[in-house]
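The values are calculated or read from the model by the stated rules, or taken from the named source; none is laboratory data. Note that this is a predicted model, so its numbers are computed, not measured. We place every Cβ from the backbone using ideal geometry, glycine too, and count neighbours over all the protein chains shown. Ligands, DNA and RNA are excluded from the accessible area calculation, which covers all protein heavy atoms including side chains. Shrake-Rupley method; radii C 1.70, N 1.55, O 1.52, S 1.80 Å.
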Amino acid sequence: MRTQRQLRVGEEIKHAISSILLRGDAPLPPEFRSTPITVSEVRISPDLKNASIFIIPLGGKKLHEIVEAMNDNIGFFRFSLAKAVSLKFVPVIRFFPDNSFDEANKIEQILHSPEVSRDLKKE
């Protein structure tokens, strides 16, 4: 269970990274600059020194390539984060693909499968 402080700092980092991406300052390859990227969640460690940032591009296309490009520019994002958020220590950040939408689709398909639908029908 995450503490209130972890949640608050995670939200601050989420908004700061979103602002950086919105401004278009990020040194991403040209083919990714026009792709809107959503920061869906930031999970921060209890000591506030490590942050896992989950992202997904609009449409989910080239997700792993974008995550790799962003991880290649961690220094830029950390430097920009240090200017945007006032924390004693700037956390070590790492970008990860957000697969929650894929998981939700799998669950949706399972719930609509004939085997499960049959069991859910009322007698």
Going by the conditions given, is Ile53 buried (at least 18 other Cβ atoms within 10 Å of the Cβ), touching a residue at least 24 places away in the same chain (Cβ under 8 Å) and under 15 Å from Val92 (Cβ atoms)?
yes
Please work out which residue is most open to solvent (accessible area, probe 1.4 Å), limiting yourself to segment 56-69 and to residues that are on the phi < 0 side of the Ramachandran plot and of a type outside the set (A, V, I, L, M).
Lys61
Per the list (1) outside any helix (DSSP H, G or I); (2) modelled with pLDDT of 80 or more; (3) not basic (Lys, Arg), residue check on Glu123 breaks on (2)
Hey, can you tell me all the residues within segment 29-73 that are outside any strand (DSSP E or B) and closer than 22 Å to Leu7 by Cα?
Ser45, Pro46, Asp47, Leu48, Lys49
Could you tell me whether Thr3 is farther than 18 Å from Asp98 by Cα, open to solvent by 40 Å² or more (accessible area, probe 1.4 Å) and hydroxyl-bearing (Ser, Thr, Tyr)?
yes
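Out of Asp72, Asp25, report the one residue that is open to solvent by 90 Å² or more (accessible area, probe 1.4 Å) and of a type outside the set (A, V, I, L, M, F, W, C). So that I can check it myself, show each step before the final result.
Numbers: Asp25 fails: open to solvent by 90 Å² or more (accessible area, probe 1.4 Å).
Result: Asp72 is the single residue among Asp72, Asp25 that is open to solvent by 90 Å² or more (accessible area, probe 1.4 Å) and of a type outside the set (A, V, I, L, M, F, W, C).
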Take the residues in segment 77-123 that are in contact (Cβ under 8 Å) with a residue 12 or more places away in the chain and among the polar types (S, T, N, Q); name whichever of them is surrounded by the fewest Cβ atoms within 10 Å (Cβ to Cβ).
Ser100
